[in-house]
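The values are calculated or read from the model by the stated rules, or taken from the named source; none is laboratory data. Remember, it's a predicted structure, so these values are computed and weren't measured experimentally. Note that each Cβ is placed from the backbone with ideal geometry, even for glycine, and that neighbours are counted across all protein chains shown.
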């Protein structure tokens with residue numbers, strides 16, 4: 001039996017545990033169970049329940065399954081590796097067999113809450129109460145047509161100001177200069193420079209037109225004296241008239257039956273059918289909860305190094321209850337629309353060892369019908385083409401009634417590099 005100091009040192013080097021505070025490691029130390037297997041023994045069996053999360057202490061184990069079968073080093077588990085609860089919950093998706101004398105530490109399933117990284121102040125309950133997305137979209141008035149926006153500490157950033165934040169904040173600034181009975185019906189935006197997370201963003205609104213039924217605004221987002229983002233938006237008074245819809249909402253599972261994005265990430269971390277480098281990367285990232293609840297309609301094993309079709313469907317809504325201001329709901333949808341949009345064009349071109357990024361160039365939206373951002377919306381997107389290192393994506397959003405509420409397009413610059421990290425909200 002290893003001594004306490006050796007076990008603590010081991011736990012500190014497990015990628016899954018590196019994101020936890022020392023207090024959590026101490027609690028894990030008190031409840032883990034030491035297990036040993038001989039060569040050829042099955043540690044877990046496919047389609048059978050697993051006891052919890054396993055941390056390989058000594059020796060090696062082989063993952064056998066449709067994705068992990070063979071002797072690929074990506075599917076050979078060794079010291080500091082981990083596996084356990086997978087995409088399918090507590091029923092395992094692969095055989096794991098000891099290929100040498102194997103020793104591991106087992107964190108039983110009833111103790112797995114110790115792996116939780118959310119503090120009380122980061123809980124979904126608090127987000128539902130305070131609605132983080134409204135804090136992100138808050139505009140501080142500085143002058144008649146000038147506003148200041150911020151990047152709150154808990155806001156998604158991807159290493160730089162998130163593109164959806166620029167779209168949502170700029171639209172919020174423009175909306176504040178328009179009569180309340182005129183609501184945005186389309187916007188066209190251009191990403192020019194990378195935004196700095198550490199300083200405020202100044203939004204300057206130009207009132208291009210104010211008519212009886214329509215109003216047009218241009219917004220420049222500026223930092224350090226330079227324009228980093230430009231948005232044009234048109235607003236319209238509500239009018240009755242012609243109406244038809246050719247687009248049909250695809251059939252998808254009810255959101256209540258689907259895992260949230262946060263739940264999927266947590267489960268994928270411990271699934272050995274996914275490559276070790278991917279699991280370790282996800283385990284060590286600071287995956288703070290998003291202010292938008294996302295439920296993927298077709299969960300799969302695709303990673304950032306896995307080729308897949310250039311399309312995606314997911315349901316989303318704001319976490320928390322929003323006010324009844326229709327302008328706010330459209331700003332929230334504009335914010336959420338850029339979360340996983342630009343990267344779709346990359347899907348057919350991914351391969352192992354390839355490091356890529358999709359840098360948003362422009363983003364356009366057409367709002368067809370009233371909507372609520374705190375009720376489920378279906379986001380259906382497809383990239384019909386990529387050429388000249390540019391990927392084009394179009395999308396539609398439907399409400400639960402099947403009504404087409406938003407149409408969208410985006411073009412992104414597709415980049416490949418050795419050291420670059422994928423950033424789906426990046427700017428040039």
By residue number, the members of the range 33-53 that are exposed (fewer than 14 other Cβ atoms within 10 Å of the Cβ), in a strand (DSSP E or B) and touching a residue at least 60 places away in the same chain (Cβ under 8 Å) are 33, 34, 36
Scanning the range 376-402 residue by residue, the ones that are closer than 26 Å to residue 318 by Cβ and out of contact with any strand residue (DSSP E or B) (no Cβ under 6 Å at 6 or more places or on another chain) total 3
The one condition residue 212 fails out of (1) under 24 Å from residue 324 (Cβ atoms); (2) part of a loop (DSSP other than H, G, I, E, B) is (1)
Scanning the range 267-280 for residues that are at pLDDT 75 or above and surrounded by fewer than 20 Cβ atoms within 10 Å (Cβ to Cβ) gives 280
Verdict on residue 199 being surrounded by fewer than 16 Cβ atoms within 10 Å (Cβ to Cβ) and farther than 25 Å from residue 412 by Cβ: yes
For the range 284-298, the count of residues that are buried (at least 21 other Cβ atoms within 10 Å of the Cβ) and modelled with pLDDT under 75 equals 0
Quick count over the range 77-94, residues being at pLDDT 85 or above and more than 25 Å from the chain's Cα centre (by Cα), is 4
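If you scan the range 320-339, which residues turn out to be in a loop (DSSP other than H, G, I, E, B) and surrounded by fewer than 22 Cβ atoms within 10 Å (Cβ to Cβ)? Walk me through it before giving the result.
Narrowing the range 320-339 to residues in a loop (DSSP other than H, G, I, E, B): 320-325, 337-339.
Once the filter is applied, which keeps residues that are in a loop (DSSP other than H, G, I, E, B) and surrounded by fewer than 22 Cβ atoms within 10 Å (Cβ to Cβ), the range 320-339 yields 320, 321, 322, 323, 324, 325.
Residues that are surrounded by 15 or more Cβ atoms within 10 Å (Cβ to Cβ), at pLDDT below 80 and touching a helix residue (DSSP H, G or I) at 6+ places or on another chain (Cβ under 8 Å): find the strands (runs of 3 or more DSSP E) completely inside the range 100-153 holding 1 or more of those.
Details: elements: 102-108, 140-143, 146-149.
Those strands (runs of 3 or more DSSP E) do not exist here; none qualify.
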Picking from 242, 229, 180, the residue that is in the same structural domain as residue 164 (by TED's automatic domain parsing), in contact with a helix residue (DSSP H, G or I) (Cβ under 8 Å, 6 or more places away or on another chain) and assigned to a loop (DSSP other than H, G, I, E, B) would be 180
If you go through 63, 56, 97, the only one that is modelled with pLDDT of 65 or more, in a strand (DSSP E or B) and touching a helix residue (DSSP H, G or I) at 6+ places or on another chain (Cβ under 6 Å) is 63
Listed by first then second residue, the pairs whose first member lies in the range 79-99 and is closer than 12 Å to residue 64 by Cα, whose partner is in a strand (DSSP E or B) and modelled with pLDDT under 85, with beta carbons under 6 Å and at least 6 positions apart or on separate chains, are 92/44; 93/86; 95/64; 96/44
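If you check 413, 371, which single one turns out to be at pLDDT 90 or above, assigned to a loop (DSSP other than H, G, I, E, B) and either in contact with a strand residue (DSSP E or B) (Cβ under 7 Å, 6 or more places away or on another chain) or assigned by TED's automatic domain parsing to the domain that holds residue 163 (or both)?
Values: 413 fails: assigned to a loop (DSSP other than H, G, I, E, B).
None of the others qualify; the one that does is 371.
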